[in-house]
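The values are calculated or read from the model by the stated rules, or taken from the named source; none is laboratory data. Just so we're clear, the structure is a prediction, and the values are computed from it rather than from any experiment. Cβ atoms come from the backbone with ideal geometry, glycine included; neighbour counts cover every protein chain shown. Heavy atoms of the whole protein, side chains included, go into the accessibility calculation; ligands, DNA and RNA do not. Shrake-Rupley method; radii C 1.70, N 1.55, O 1.52, S 1.80 Å.
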Amino acid sequence: MAEASATATATAAAGRQRHHGYCALCRSRCGCVNLVEDGRLVAVEPDPGHPTGEHLCAKGRAAPELVHHPERLTRPLRRTAPKGADDPGWQEIGWDEALDEIARRLGDLAREAGPEAVTFAITTPSGTGMSDHIDWVERFVRAFGASNTLYATELCNWHKDHATAFTFGEGVGVPDFENAGCLLFWGHNPSTAWLVNAQRLNAARARGAKVVVVDPRRAGPAVKADLWLAPRPGTDGALALGLARLLIESGRYDRGFVEDWSNGPFLVREDDGRFLRRDGGFLVWDEAVGAAVALDGRLPSELGLRPALEGRVEVEGVACRPAFEHYRRLCAEWTPARTAEATGVPAEDIEAAAALLWQSRPAGYYAWTGVGQHDNATQTDRAIALIYALLGDYDAPGANLQLPVPAGAAVSGRDLVTPAQAAKTLGLAERPLGPAAGGWVTGQDFCRAVESGRPYRPRALVAFGSNLLVSQPDPMRLQAALEALDFHVQTELFMTPTAALADIVLPVSSPWEHEGLRLGFGRPVAGRERVQLRRPVVAPPGEARSDSAIVFDLAVRLGLAEHFFGGDPEAGLRHRLAPLGLTPEALRAQPEGLDVPVEQRHRKYAEATAAGRRGFATDSGRVEVYSELLGRHGYDPVPVYRPSAAAPERLGEGDWPLLLSCAKLPQYCHSQHRNLPSLLRVAPHPSAELHPETAAAHGIDRGGWLWVETPAGRVRVRASLNSRLRPGVVVGQFGWWLSAGEAPGEVVRHPASGAGSISYNALLADPPRDPVSGAPNLRSQACRIRAAE
């Protein structure tokens, strides 16, 4: 792809120019118009003609401050002082020298200890400009033969995209906002992370759709929701089971969908917890004839069966229960009173939510990090997904949809992964169904392997924009692990706390300084059909290059040119577009993008595949009310709720009597943007939200300073009083390593851990993890507070 330097003359022409593009700073990918004057980006505005361009958030509007920030990295840097030195002794070097050294060191390590000795870290494409490069960076990782990518997926997308697949065989999909009768948002505030969906939600509410929000805080969509449920952080699984109980016991569920399209009728042996099979087919109990019947690929309704969903039967001397009975019995334990006691949500609100979900169908839902950042996340995700299965709306108009996008050529390199290298992913032996199954290593597993050398020691890290010390828990442990590596390379826009530990730092361009290809945007149908090649509008500072250009150059130096079109990014771009009948030239001539029709179909699970199979991509081919797969690996086959191991047993008691959670600010994305003046003026310091009663009990005033303490450490933040927050709950903010100083425009840099740290993650040391995914508990941690000067 073309770098901005190739178009610098054109974009530096006299007068103000308007360039169509899209913002790549978050999942929303909002269409925008970039205003350039005398070679400088001076403004970014919404592009109402773009499918996602109706509005633009503060982060997108602040892009000129990011692009032209005086602290942008401009040349490759090499460390000359030992790790741990106060001054790294950065030495500017040329690109050839930097890339040659990196290729030599990585190649030597791969030959000496195997490619698994090199770990790669990749920042999120959902919240950074990495979305422009992710396919090529992943291809490089896989072509190199690495076994471990530190992707932080366990902190972000894994549960909604992969844990949900334990139930539906695929990720959560996206709600059909335009046609839904009810929308359920659980632990997700699109106002901070997905602006286009926040707009679609507002439009749905305006036309009369009902909105239910589950969130400890009354923020974003919760403010105007028809019903807001505020469970104690970490108790979402109990709430989901309590909701399901009300739906099941009152008959407010789609029995036809459950009978035909879930494995709820399948008989489960009581002796080993496995499904009862005959000649390879699953058995159901036909209540009409009082006998077990094997399914032959046809649905129970097509066979004229009346399958049992409850009770206990014997088949040839084997005691069995329908899978749905296991789930029903679990839910039956969660009476409204017990659910209310466990979650703090009033029983009448739980009943109101069940009624609203059923009466306002079709319903769509979305759950994200508010669910996924707990040590009981996988089963909580399963419990929420099964509520949705009860409604029977899956992939139907007005429900959650699995929408296609224009199918360009896949280049992320999944076909390059060998079974031998995949088997070496750290954490795979302990959690074979978790992120390691996809080649993703958790931060804690990475640290453990560096410390112990078991099963082998990671010796190098190549990080593409991943600020690990601020985005991962237990930063002190992580810093020690990074300092113990033989070699560390970091690509970055700025000198972050993680980049400061590297041996070589490579300066990268921002999305306004290189091309970016997007196949489909978030709004159906027009958005899903849009293909856009965003052009660079200004030159990068100094010698900064795109991450894509870096991996193409490194691939050639490492002898991987055959996987990277001989090192020609333009040839790679042409290859990606070929299946669509498009060319780079055609897209460059149409900067607003071109539409490629894609077929939008509903209830695709009911269509026969080429192999004649219908259903879902699960072990049983059905929505998995009962997961035999989880059971085989020692996990609960139905979503049993277990309280967080890090939360206080009872609020207000013990040495750590309060419950600590966290949330995002709309001004910032993860650890980014706190050095942009317009955003820092709005949110200059980290804060902790407290109920006024909690603050008063500790002598803390509104806006005053307080210490938030856990057994791992403490951070000093400002108090933000919130009367709608539950007493005893403290809500912090993660991502802080820069804050406003006392002088106007001053920005203070803080350490990632230890004395002076303002990082929320410094409060978390080796937190308990979800047994399936390894997700660390970030949002339900025992703590205490006290007033600070």
Next on the checklist: So in the stretch 337-349, with the set limited to residues that are assigned to a helix (DSSP H, G or I) and touching a Leu at 6+ places or on another chain (Cβ under 7 Å), which one is surrounded by the fewest Cβ atoms within 10 Å (Cβ to Cβ)?
Outcome noted: ASP349
Next on the checklist: Would you confirm whether or not the stretch 170-186 contains a residue that is open to solvent by less than 20 Å² (accessible area, probe 1.4 Å) and part of a helix (DSSP H, G or I)?
Outcome noted: no
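When only residues in the stretch 70-92 that are of a type in the set (A, V, I, L, M) and within 21 Å of ASP486 (Cα to Cα) count, which is surrounded by the fewest Cβ atoms within 10 Å (Cβ to Cβ)?
Going through the qualifying residues, I end up with ALA85.
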Next on the checklist: So LEU357 passes all but one of these: (1) farther than 27 Å from VAL268 by Cα; (2) open to solvent by less than 10 Å² (accessible area, probe 1.4 Å); (3) touching a Lys or Arg at 6+ places or on another chain (Cβ under 7 Å). Which condition number does it fail?
Outcome noted: (3)
Item to check | Selection within the stretch 716-754 - in a loop (DSSP other than H, G, I, E, B) and farther than 24 Å from ALA695 by Cα | outcome: TRP737, GLY741, GLU742, ALA743, PRO744, GLY745, GLU746, HIS750, PRO751, ALA752, SER753, GLY754
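How many of the residues making up the stretch 500-515 are part of a helix (DSSP H, G or I) and surrounded by 24 or more Cβ atoms within 10 Å (Cβ to Cβ)?
Of all residues in the stretch 500-515, those part of a helix (DSSP H, G or I) come to 500-501, 511-513.
Checking which are surrounded by 24 or more Cβ atoms within 10 Å (Cβ to Cβ) leaves us with 501, 511-513.
Count: 4.
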Next on the checklist: Can you tell me how many residues within the stretch 768-789 are in a loop (DSSP other than H, G, I, E, B), out of contact with any Leu (no Cβ under 7 Å at 6 or more places or on another chain) and either at pLDDT below 95 or open to solvent by 10 Å² or more (accessible area, probe 1.4 Å) (or both)?
Outcome noted: 4
Item to check | Scope the stretch 526-553; condition part of a helix (DSSP H, G or I) and under 28 Å from the mean Cα position of the chain (by Cα); matching residues | outcome: ALA526, GLY527, ARG528, GLU529, ASP547, SER548, ALA549, ILE550, VAL551, PHE552
Next on the checklist: Can you report the number of residues in the stretch 102-133 which are in a helix (DSSP H, G or I) and either of a type in the set (Phe, Trp, Tyr) or in contact with a strand residue (DSSP E or B) (Cβ under 7 Å, 6 or more places away or on another chain) (or both)?
Outcome noted: 8
Checklist entry - Just for the stretch 665-689: of the residues that are more than 23 Å from the chain's Cα centre (by Cα) and of a type in the set (Ser, Thr, Tyr), which one is surrounded by the most Cβ atoms within 10 Å (Cβ to Cβ)? => result SER687
Checklist entry - Restricting the search to the stretch 358-387, which residues are assigned to a helix (DSSP H, G or I), closer than 20 Å to GLU259 by Cβ and more than 20 Å from the chain's Cα centre (by Cα)? => result TRP358, LEU386, ILE387
Checklist entry - From the set of residues in the stretch 279-303 that are farther than 10 Å from ASP260 by Cα and free of Cβ contacts under 8 Å to residues at least 12 places away in the same chain, which is surrounded by the fewest Cβ atoms within 10 Å (Cβ to Cβ)? => result GLY280
Checklist entry - Any idea which of (1) in contact with a strand residue (DSSP E or B) (Cβ under 8 Å, 6 or more places away or on another chain); (2) more than 23 Å from ASN777 (Cα to Cα) is the one TYR151 doesn't satisfy? => result (2)
Item to check | Selection count, the stretch 276-318, where residues are farther than 17 Å from ARG613 by Cβ and in a strand (DSSP E or B) | outcome: 13
Item to check | Count - residues of the stretch 395-415 that are open to solvent by 10 Å² or more (accessible area, probe 1.4 Å), touching a Phe, Trp or Tyr at 6+ places or on another chain (Cβ under 9 Å) and modelled with pLDDT of 95 or more | outcome: 1
Checklist entry - Looking at this structure, is ALA203 in a helix (DSSP H, G or I) and within 30 Å of GLN781 (Cα to Cα)? => result no
Checklist outcome for this item: Taking the stretch 583-600 and keeping only residues that are closer than 11 Å to GLN532 by Cα and in contact (Cβ under 8 Å) with a residue 40 or more places away in the chain, one is left with PRO584, LEU587, ARG588, PRO591, GLU592, GLY593, LEU594, ASP595, VAL596
Next on the checklist: When the residues of the stretch 134-165 are narrowed to those that are outside any helix (DSSP H, G or I) and within 17 Å of ALA193 (Cβ to Cβ), which ends up farthest from the chain's Cα centre (by Cα)?
Outcome noted: ALA152
Checklist entry - Looking at the stretch 44-58, is at least one residue in contact with a Ser or Thr (Cβ under 8 Å, 6 or more places away or on another chain) and free of Cβ contacts under 8 Å to residues at least 60 places away in the same chain? => result no
